[in-house]
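First the structure, in the form of structure tokens, and then the observations on it.
The values are calculated or read from the model by the stated rules, or taken from the named source; none is laboratory data. For clarity, every value in this text was computed on a predicted model and none was experimentally measured. Note that each Cβ is placed from the backbone with ideal geometry, even for glycine, and that neighbours are counted across all protein chains shown. The protein model used for the area step is the full one, side chains on, heavy atoms only, and it has no ligands, DNA or RNA in it. Shrake-Rupley method; radii C 1.70, N 1.55, O 1.52, S 1.80 Å.
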Amino acid sequence: MRNKLAEVLVGKGIADTKVLGAIKTIPRHLFMDSSFEGHAYQDKAFPIAADQTISQPYTVAFQTQLLQVRPGHKVLEIGTGSGYQTAVLLHLKAKVYTIERQQELFKKTKLFFGKMGYRPKKTVFGDGYKGLPADAPFDSIIVTAGAPEVPKALMAQLKVGGRLVIPVGVNEQVMTLYIRKSEKEFEKKEFGSFRFVPLLENKN
Ligand code: SAH
């Protein structure tokens with residue numbers, strides 16, 4: 001079923017063989033509530049705890065492809081959610097720092113990582129708008145919730161040459177890639193539109 005899902009993604013334009021390798025390997029059904037498990041290898045988003053969603057596999061693959069992860073890269077993920085995107089980054093041998101603002105999901109997914117033997121460098125309960133200044137700079141940053149605007153803190157925490165992939169917008173989001181060209185310059189590229197749950201400021 002995972003191989004079939006990878007074929008579907010190839011049909012939709014995903015070409016990065018390492019990303020496709022992750023999709024073929026990671027048991028997505030284990031990241032979902034048991035009531036949806038039977039649908040895990042459809043190319044669809046599904047509900048997880050705390051009114052959030054596990055992203056659509058195409059979206060995960062698209063964002064990951066834009067990140068251009070190399071083994072050993074330090075990658076910051078905003079929105080741990082189910083942990084599926086984290087697992088994809090770990091499969092690519094990134095050192096992953098991941099932040100979640102919903103306490104319930106943070107606890108649940110942290111336990112799940114332990115059980116599965118997934119080892120992010122840090123699994124943090126907090127506000128992704130602020131990033132993780134103490135661990136910066138990062139080779140890349142991926143935001144997995146819809147951001148009304150690009151958080152300045154995240155731009156500041158990118159290495160020169162680093163890549164930030166962020167869906168920007170309120171009702172619908174434009175997938176946006178920023179490449180840091182120098183201390184002060186960023187190149188911006190826009191891709192298609194997507195739909196995400198909102199990136200919320202810390203209300204805990
Ligand atoms: N990467 C996840 C996608 C989950 S949906 C997966 O593969 O399952 C987006 C997640 O972002 C939700 O879990 C939501 O709670 C979280 N989120 C929203 N605003 C946030 C913020 N300010 N900081 C960190 N996480 C946030």
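Could you run through the range 146-161 and say how many residues are under 23 Å from I54 (Cβ atoms) and in contact with a Pro (Cβ under 6 Å, 6 or more places away or on another chain)?
Of the residues in that region, 1 qualify.
What are the residue pairs meeting all of these: first residue in the range 60-77, first residue under 16 Å from K189 (Cβ atoms), second residue assigned to a loop (DSSP other than H, G, I, E, B) and hydroxyl-bearing (S, T, Y), Cβ atoms under 9 Å, and 6 or more apart or on different chains?
Q63/S55; Q63/T144
Quick check on this structure: which one of G38, G21, G13 is modelled with pLDDT under 95 and more than 11 Å from the ligand (Cβ to nearest atom)? Break it down stepwise before answering.
Details: G21 fails: modelled with pLDDT under 95; G13 fails: modelled with pLDDT under 95.
Of the residues listed, the single one that is modelled with pLDDT under 95 and more than 11 Å from the ligand (Cβ to nearest atom) is G38.
Output yes when any residue across the range 5-12 is in contact with a Pro (Cβ under 9 Å, 6 or more places away or on another chain) and not in a helix (DSSP H, G or I), and no when none is.
No, that holds for no residue.
Within the range 139-146, is there a residue that is touching a His at 6+ places or on another chain (Cβ under 7 Å) and charged (D, E, K, R)?
Within the range 139-146, one or more residues are touching a His at 6+ places or on another chain (Cβ under 7 Å) and charged (D, E, K, R).
Could you grab the pairs with beta carbons closer than 6 Å, sequence gap of 6+ or different chains, first residue in the range 31-50 and of a type in the set (F, W, Y), second one part of a helix (DSSP H, G or I)?
F31/Y84; Y41/L5; F46/F36
Which one of these is more than 12 Å from the ligand (Cβ to nearest atom) and modelled with pLDDT under 95: G169, G161, G192, G117?
Numbers: G169 fails: modelled with pLDDT under 95; G161 fails: modelled with pLDDT under 95; G117 fails: modelled with pLDDT under 95.
So the residue among G169, G161, G192, G117 that is more than 12 Å from the ligand (Cβ to nearest atom) and modelled with pLDDT under 95 is G192.
Are there any pairs, at least 6 apart or on different chains, whose C-beta atoms fall under 6 Å, with the first in the range 93-115 and within 16 Å of G131 (Cβ to Cβ) and the second hydroxyl-bearing (S, T, Y) and in a helix (DSSP H, G or I), and if so, which?
Once the first residue is within 16 Å of G131 (Cβ to Cβ) and sits in the range 93-115, its partners that are hydroxyl-bearing (S, T, Y) and in a helix (DSSP H, G or I) give V96/T86; T98/T86.
Of all residues in the range 60-79, which are open to solvent by 10 Å² or more (accessible area, probe 1.4 Å) and within 11 Å of the ligand (Cβ to nearest atom)? Steps first, please.
Quick first cut of the range 60-79, residues open to solvent by 10 Å² or more (accessible area, probe 1.4 Å) only: 62, 65-66, 68-74, 79.
Once the filter is applied, which keeps residues that are open to solvent by 10 Å² or more (accessible area, probe 1.4 Å) and within 11 Å of the ligand (Cβ to nearest atom), the range 60-79 yields only G79.
Within the range 120-158, how many residues are of a type in the set (F, W, Y) and within 12 Å of the ligand (Cβ to nearest atom)?
Filtering the range 120-158 for residues of a type in the set (F, W, Y) gives 125, 129, 138.
If we keep only those that are within 12 Å of the ligand (Cβ to nearest atom) as well, we get 125, 129.
Matching residues across the range 120-158 total 2.
If A6 satisfies all but one of (1) within 14 Å of the ligand (Cβ to nearest atom); (2) in contact with a helix residue (DSSP H, G or I) (Cβ under 6 Å, 6 or more places away or on another chain), what's the number of the condition it fails?
Going through (1) within 14 Å of the ligand (Cβ to nearest atom); (2) in contact with a helix residue (DSSP H, G or I) (Cβ under 6 Å, 6 or more places away or on another chain) one by one, A6 breaks only (1).
Would you confirm whether or not the range 47-61 contains a residue that is in a loop (DSSP other than H, G, I, E, B), at pLDDT below 95 and in contact with a strand residue (DSSP E or B) (Cβ under 8 Å, 6 or more places away or on another chain)? Lay out the reasoning, then the answer.
Pass one, the range 47-61, residues in a loop (DSSP other than H, G, I, E, B): 48-52, 55-56.
Cutting the leftovers down to at pLDDT below 95 gives us 48-52.
Retained after the next criterion (residues that are in contact with a strand residue (DSSP E or B) (Cβ under 8 Å, 6 or more places away or on another chain)): 48.
Yes, the range 47-61 contains at least one residue that is in a loop (DSSP other than H, G, I, E, B), at pLDDT below 95 and in contact with a strand residue (DSSP E or B) (Cβ under 8 Å, 6 or more places away or on another chain).
Test G13 against the criterion of being on the phi > 0 side of the Ramachandran plot and either open to solvent by less than 30 Å² (accessible area, probe 1.4 Å) or in contact with a Phe, Trp or Tyr (Cβ under 9 Å, 6 or more places away or on another chain) (or both), and give yes or no. Steps first, please.
Numbers: on the phi > 0 side of the Ramachandran plot: yes; either open to solvent by less than 30 Å² (accessible area, probe 1.4 Å) or in contact with a Phe, Trp or Tyr (Cβ under 9 Å, 6 or more places away or on another chain) (or both): yes.
Yes; evaluated as a whole, the condition is true for this residue.
Looking at (1) out of contact with any Gly (no Cβ under 6 Å at 6 or more places or on another chain); (2) within 15 Å of the ligand (Cβ to nearest atom), which is the only condition Q52 fails?
It is condition (1) that Q52 fails.
Take the residues in the range 83-104 that are assigned to a strand (DSSP E or B) and open to solvent by less than 10 Å² (accessible area, probe 1.4 Å); name whichever of them is farthest from L67 (Cα to Cα).
Our first condition is that a residue be assigned to a strand (DSSP E or B); within the range 83-104, this holds for 95-100.
Cutting the leftovers down to open to solvent by less than 10 Å² (accessible area, probe 1.4 Å) gives us 96, 98-99.
Numbers: V96: 13, T98: 15, I99: 17 Å.
So the residue we want is I99.
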